[in-house]
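Asks: Pasting a structure below so you can have a look.
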Amino acid sequence: MDSITSTSSGLRVAVEGCGHGTLDAIYASVKTASEARRWDQVDLLIIGGDFQAVRNASDLTIMSCPVKYRAIGDFHYYYSGMKKAPYLTIFVGGNHEASSHLWELYYGGWVAPNIYYMGAANVVRVGGVRIAGISGIWKGYNYNKHHYERLPYSADDIKSIYHVREIDTRKLLQLRTQVDIGISHDWPRAIEKNGNQKALFRVKPDFEQESRDGTLGSVAAEHVMDRLRPPYWFAAHMHCKFSATKIYDEELKPEDLNAAASLATNNPKTDFQETVVVHNDDEIDLEMNDDDDESPVVAETNDGTSPNSANVPKQATNIQETILETSAVPLEIRNLLPAAFSRPKPQQRMQPGQPPPSGIANKTVRFLALDKCLPGRKFLQLLEVQAHTSNLEKPLDESIARSKPKFEYDPEWLAITRVFAPYLVLGDRSAQPIENLGEERYRSLIDNERLWIDENIVKAGKLKIPENFELTAPPYQAGTPEIINEGPKEYDNPQTQQFCDLIGINNNFAATEEERAARFKNGPVPSENRGFNSRSNGRGRGRGGESGGHGRGGRRGRGR
């Protein structure tokens with residue numbers, strides 16, 4: 001554990017699982033835990049999604065959860081300025097969010113002073129530590145679609161808006177240099193195979209079959225993690241604590257990798273230590289079912305890869321055995337036929353983002369998922385992070401006060417954003433997926449845009465992320481109803497316009513009052529009546545609680 005919580009002056013990071021609108025309790029817990037660690041300050045708080053940046057009761061109407069579980073929470077105090085976050089806080093989006101608010105900040109931005117949303121996908125730097133994040137959860141049937149949702153949302157839009165999209169994943173897969181931390185709400189697919197599965201399945205028994213099927217976790221997050229290979233990857237979503245160590249070494253045999261995973265989950269020196277926190281008895285348990293997860297389990301994802309990617313060689317062998325068993329022609333006769341008569345061997349499709357470039361050298365990813373902030377839950381972890389490369393700001397002298405780390409844009413990511421900005425399609429449900437030009441072509445385009453970024457952003461000293469938060473929607477007023485029927489309005493967020501102006505791209509999110517009026521007059525697009533097979537690329541079925549039934553349930557349900 002010394003390598004994780006060393007006393008050297010790395011970036012002091014607190015990581016929390018799902019937020020669920022309980023900022024007061026989270027900040028109080030971080031304070032208590034940091035004092036127990038004898039830290040004089042925390043440099044960064046990471047929240048793994050379901051943050052619920054609810055500004056007012058209208059935002060609450062389009063948060064994906066049953067009405068009986070909707071609560072205004074305490075974010076609006078931070079949004080209105082009545083309170084200020086004591087630590088720089090960054091978060092990715094989950095599947096229970098004020099999507100109308102986060103939509104304004106697709107490229108990332110401040111939802112309140114000192115609280116920064118990472119956007120659909122992003123890379124930022126805190127004190128030189130590079131942090132990559134991807135928002136949303138995996139639903140294969142929406143993965144290749146554009147961001148077609150625009151206010152007013154239909155019942156389908158309320159759910160699909162938080163489904164991760166391929167175009168955002170593709171951007172992260174173009175990174176060619178090492179990042180230090182990865183964040184996702186959903187777990188990367190099959191990560192459980194690199195940790196103590198038996199212990200996980202005892203707490204979450206429904207996960208065992210999904211793990212076998214290869215449908216547990218996000219394909220997009222798996223591809224990004226396998227590409228970026230950061231020393232640390234944090235997630236939430238499943239409402240349990242789980243750690244794993246994934247080792248990337250093409251020279252290792254499968255049995256060696258299994259042994260390494262077993263060592264990582266049983267050796268306390270390589271696992272994340274417990275963080276002692278004081279729980280707030282006033283916290284509300286927001287157990288919310290998510291009927292979007294009533295999707296059948298299938299054997300293939302829509303990205304063309306087998307869900308059981310870790311068992312591809314075995315599957316290929318079984319296919320050949322099936323051919324031999326079912327063929328009516330005896331084997332000795334088939335062996336006499338020319339090669340042209342042989343059945344073609346099944347070809348394994350190369351996983352997107354592979355192989356990683358030489359600039360990504362880390363071979364070991366330490367994964368940690370955390371619970372939500374409730375009494376008795378394991379939802380908080382403190383650690384010090386050293387930058388994998390030379391990006392880290394000059395180490396601090398422990399005898400003097402720590403300086404505030406710089407919060408900056410990442411030049412490589414800005415170049416990638418410039419390349420992909422023209423391909424962003426909004427509000428068009430019939431638009432076809434954008435052609436993938438291939439990594440080599442993108443590399444040339446990104447290199448060209450990097451020259452522009454270096455000249456106009458880096459040399460101009462404009463990498464610092466400006467503290468330019470502004471109110472858009474009116475904040476909630478205490479004493480007014482929390483549950484109303486009137487949905488949210490759409491706002492142009494000045495931060496998005498300023499970011500687009502900074503890097504020289506069009507702001508596709510801006511709309512005229514006439515355009516908005518026409519959309520709201522027409523109303524939301526009618527929800528689709530999907531059959532069983534039309535949703536066949538979903539992750540799995542609904543989760544039962546401790547007493548059966550659907551929904552998030554207690555400790556045994558997935559915990560949405």
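Asks: So who's got an amide H within less than 5 Å of the one on Lys372, skipping anything under 5 residues away but keeping other chains? H placed 1.01 Å off N, in plane.
Replies: Here the answer is Cys18, since their amide H atoms fall under 5 Å of that of Lys372.
Asks: Under the definition of Cα pairs under 8 Å and six or more residues apart, what whole-number percent is the relative contact order of the stretch 103-262? Let's see the in-between values first.
Replies: Details: 237 pairs, mean separation 35.1, N = 160.
With pairs under 8 Å counted, the relative contact order is 22 percent.
Asks: Return the whole-Å distance between the Cα centroid of the stretch 164-189 and the Cα centroid of the stretch 43-71.
Replies: Spelled out, the Cα-based centre of one part sits 23 Å from the other.
Asks: Work out from phi, with θ = phi - 60° and the Karplus expression 6.51 cos²θ - 1.76 cosθ + 1.60, the ³J(HN,Hα) of each residue of the stretch 179-185, listed in order in whole Hz, and give x for Gly and Pro.
Replies: So the Karplus estimates, Gly and Pro as x, are 9, 9, 9, x, 10, 9, 7 Hz.
Asks: Can you tell me, using C-alpha contacts under 8 Å and at least 6 residues apart, the relative contact order of the stretch 410-538 as a whole percent?
Replies: Working: 58 pairs, mean separation 38.6, N = 129.
30 percent.
Asks: Per residue of the stretch 197-214, what does 6.51 cos²θ - 1.76 cosθ + 1.60 with θ = phi - 60° give for ³J(HN,Hα)? Whole Hz please, x for Gly and Pro, Karplus curve as stated.
Replies: 5, 4, 5, 5, 5, 5, 7, 10, x, 5, 6, 4, 5, 4, 4, 5, 6, x
Asks: Quick one: Karplus J couplings for the stretch 114-122, per residue in order, coefficients 6.51, -1.76, 1.60, θ = phi - 60°, nearest Hz, x for Gly and Pro?
Replies: Going residue by residue, I get 6, 10, 10, 8, 6, x, 4, 7, 6 Hz, with x marking Gly and Pro.
Asks: Please report how many Lys pairs in the stretch 355-496 have alpha carbons closer than 28 angstrom, counting only residues at least 8 apart along the chain or sitting on separate chains.
Replies: 15
Read-outs: derived from the displayed coordinates by stated rules, not from any lab. None of the values given here were measured: they were computed from a predicted structure.
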